[in-house]
Amino acid sequence: MNVEGKKTAPIGVFDSGVGGLTVVREMIRQLPDENIVYFGDTARVPYGSKSQNTIIRFSEQIIRFLQKKQVKTIVIACNTASALALDAVRDEFDVPILGVVTPGARAAVEATRNLKVGVVGTDATVQSGVYTKIIQRMNPKIEVIEKACPLFVPLVEEGFKEHNVTREIIEYYLESMKSTDIDAMILGCTHYPLLRSKIRTYMGDKIQIVNPAYETAMDLKKLLEEQNMANDGTKGPHSHYEFFVSDAAEKFRHFANTVMPFDIPTTNVVNIEAY
């Protein structure tokens, strides 16, 4: 692909379901000229309860699909896949691949004043200990408290954001973290920003809540500029966005329209097992 082709080529983004749209939303804000191809693995969500080998296999299939779309770079907009598959797929594929864990960890290291950071995520992300490892590599003095909140993803996916049960489950999971003296907390799953206001209300104002979606978009911007791949918007007036899922396209589209700054006209189903 020549330099001009690289500039106008799309960015591939994938997640286990709808959560990665929080990353896409930030990418659209920070990189309005870029074209994006999104894949949500709605047939196999959630990833948080699956094994590392399974998550690597799923990620490989999705990356092969995205490469068919001629993407110039790939963002794994899923903390679980970033934690468990990023190193493996980076070694395997010759396209720049970013995850969401390192940008989020770095933002928390910069945010904390008392060197105590909380992380909420899926079972797989928390069991991997990836946030603790990366944060302590950046600053060994920081104490990290991680907490798995497995029900947050299904609550978001099923549209229970505003339901009383969500408030109760936030309290159930975060009660122990609220009694610590952390001053920064990472939303270590891309679904969780959709519960951000509820989490903030429960945790209180003294805690800075870190959304890795924003940090990831900024890292992506830097990467594209450094590698001379940024789309300057001269080759066409409108950015082009495509959305693909492995199942339940209408349900995905309906939910996506509550997250995205515009309505998604169509969502296509892909047989991802074929890749």
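The values are calculated or read from the model by the stated rules, or taken from the named source; none is laboratory data. Quick caveat: nothing in here was measured; it's all calculated off a predicted structure. Don't worry about glycine lacking a Cβ; one is built from the backbone with ideal geometry, like all the others, and counts go over all protein chains shown. With ligands, DNA and RNA removed, areas are computed over all heavy atoms of the protein, side chains included. Shrake-Rupley method; radii C 1.70, N 1.55, O 1.52, S 1.80 Å.
Total residues in segment 182-221 satisfying the condition of being at pLDDT 95 or above, assigned by the TED database to the domain that holds GLU110 and among the acidic types (Asp, Glu): the figure is 1.
Of all residues in segment 10-36, those being β-branched (Val, Ile, Thr), over 18 Å from VAL269 (Cα atoms) and open to solvent by less than 10 Å² (accessible area, probe 1.4 Å) number 4. Each residue in segment 250-275 was checked for being open to solvent by 30 Å² or more (accessible area, probe 1.4 Å) and not in a loop (DSSP other than H, G, I, E, B), and 10 pass. Scanning segment 113-122 for residues that are in a loop (DSSP other than H, G, I, E, B) and surrounded by fewer than 24 Cβ atoms within 10 Å (Cβ to Cβ) turns up ARG113, ASN114, LEU115. For segment 132-177, give me each residue that is among the aliphatic types (A, V, I, L, M) and in a helix (DSSP H, G or I). Residues satisfying the conditions are ILE134, ILE135, MET138, VAL153, LEU155, VAL156, VAL165, ILE169, ILE170, LEU174, MET177. The set of residues in segment 63-107 being open to solvent by 10 Å² or more (accessible area, probe 1.4 Å) and of a type in the set (Val, Ile, Thr) consists of VAL71, VAL95, THR102.
For segment 6-27, the set of residues classified as part of a helix (DSSP H, G or I) and out of contact with any Phe, Trp or Tyr (no Cβ under 8 Å at 6 or more places or on another chain) consists of LYS6, LYS7, THR8, THR22, VAL23, ARG25, MET27, listed by residue number.
For segment 123-134, the set of residues classified as over 11 Å from SER82 (Cβ atoms) and buried (at least 24 other Cβ atoms within 10 Å of the Cβ) consists of VAL126 only. Scanning segment 54-93 for residues that are of a type in the set (D, E, K, R) and assigned to a helix (DSSP H, G or I) yields ARG57, GLU60, ARG64, LYS68, ASP87, ARG90, ASP91, GLU92. Give segment 178-201 a look and list any residue that's over 12 Å from ASN79 (Cα atoms), in a strand (DSSP E or B) and among the small types (Gly, Ala, Ser), or say none. Of everything in segment 178-201, just one residue is over 12 Å from ASN79 (Cα atoms), in a strand (DSSP E or B) and among the small types (Gly, Ala, Ser), namely ALA184. Scanning segment 63-88 for residues that are touching a residue at least 60 places away in the same chain (Cβ under 8 Å) and within 19 Å of PRO103 (Cα to Cα) turns up THR73, ILE74, VAL75, ILE76, ALA77, CYS78, ASN79, THR80, ALA81. Among the residues of segment 37-46, is any farther than 16 Å from THR125 by Cα, surrounded by fewer than 20 Cβ atoms within 10 Å (Cβ to Cβ) and among the hydrophobic types (A, V, I, L, M, F, W, C)? The answer is yes, given that some residue of segment 37-46 is farther than 16 Å from THR125 by Cα, surrounded by fewer than 20 Cβ atoms within 10 Å (Cβ to Cβ) and among the hydrophobic types (A, V, I, L, M, F, W, C). Considering segment 204-249, and only residues there that are touching a residue at least 40 places away in the same chain (Cβ under 8 Å) and hydroxyl-bearing (Ser, Thr, Tyr), the residue that is surrounded by the most Cβ atoms within 10 Å (Cβ to Cβ) turns out to be THR216. The listed residues are GLU110, GLU60, and the only one of them that is open to solvent by 10 Å² or more (accessible area, probe 1.4 Å) and touching a residue at least 24 places away in the same chain (Cβ under 8 Å) turns out to be GLU60.
Out of curiosity, is ASP181 in contact (Cβ under 8 Å) with a residue 40 or more places away in the chain, on the phi < 0 side of the Ramachandran plot, exposed (fewer than 14 other Cβ atoms within 10 Å of the Cβ) and among the acidic types (Asp, Glu)? Criteria met by ASP181. Of all residues in segment 149-176, those satisfying the criterion of being under 20 Å from LEU84 (Cα atoms) and in contact (Cβ under 8 Å) with a residue 60 or more places away in the chain are PRO150, VAL153.
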